Amino acid sequence: MSVFRSTFSKQIAHTTILPALGNKDLKLLQDLITAEKFAVSSSQKLADDWAKAADALKAWGAGEGDDLGDVLDKSRELLVLVSAALAQLSTHETAIRVHMKAVRTREENLDELKRRRKQVGTKAEAADKKLSKM
């Protein structure tokens, strides 16, 4: 039953639909992780869009003559560099998000240890009271 409770409570804590049921202290961290998820997704999509724009510019520039073709080829190279930079940003943001998730997991484990410590303290006090009554 404890394993089910632990797994279920972590799933609730990681959801953005019912954040009030999870750990309130970790809500801000979970919000940050969720925002990072959307930021990574957006930067990946933006990198893909820039790459598509670079390909479209190359295709259009091929039929525009040598003078304009040279300028458009260099413009395409710049767009490819921007796309690569955004893709690299997305990769770094993904790594940051993974670290944030690890922090969240460690915080959840710490909360569990604190809860167990409190239970042990309560049991010890109860045993101490029982002994003093004897």
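A few notes on this one:
- Long pairs among Lys45/Lys74; Lys52/Lys74; Lys27/Lys114; Lys24/Lys101; Lys24/Lys114, criterion Cα-Cα beyond 21 Å: Lys45/Lys74
- Ranking of Ser132, Ser42, Ser75 by solvent-accessible surface, largest first: Ser132, Ser42, Ser75 (1.4 Å probe, protein heavy atoms only, all chains present).
- Phi-derived couplings, Karplus 6.51 cos²θ - 1.76 cosθ + 1.60 at θ = phi - 60°, listed residue by residue for region 84-91: 5, 5, 5, 5, 5, 4, 4, 5 Hz, with x used for Gly and Pro.
- Lys114, Lys27, Lys123, reordered so the largest accessible area comes first (probe 1.4 Å): Lys123, Lys114, Lys27
- Cα centroid separation, region 57-134 to region 25-49 (Å): 8 Å
- Val82 exposes around 60 Å² of accessible area when a 1.4 Å probe is run over every protein chain in place.
- Solvent-accessible surface (1.4 Å probe) assigned to Glu77 amounts to roughly 80 Å².
- In the complete set of protein chains, residue-level accessible area for Asp70 is approximately 100 Å², probe 1.4 angstrom.
The values are calculated or read from the model by the stated rules, or taken from the named source; none is laboratory data. If you're wondering where the values come from, they're calculated on a predicted model, not measured in any experiment. Protein only, heavy atoms only, side chains kept; ligands, DNA and RNA dropped before computing areas. Shrake-Rupley method; radii C 1.70, N 1.55, O 1.52, S 1.80 Å.
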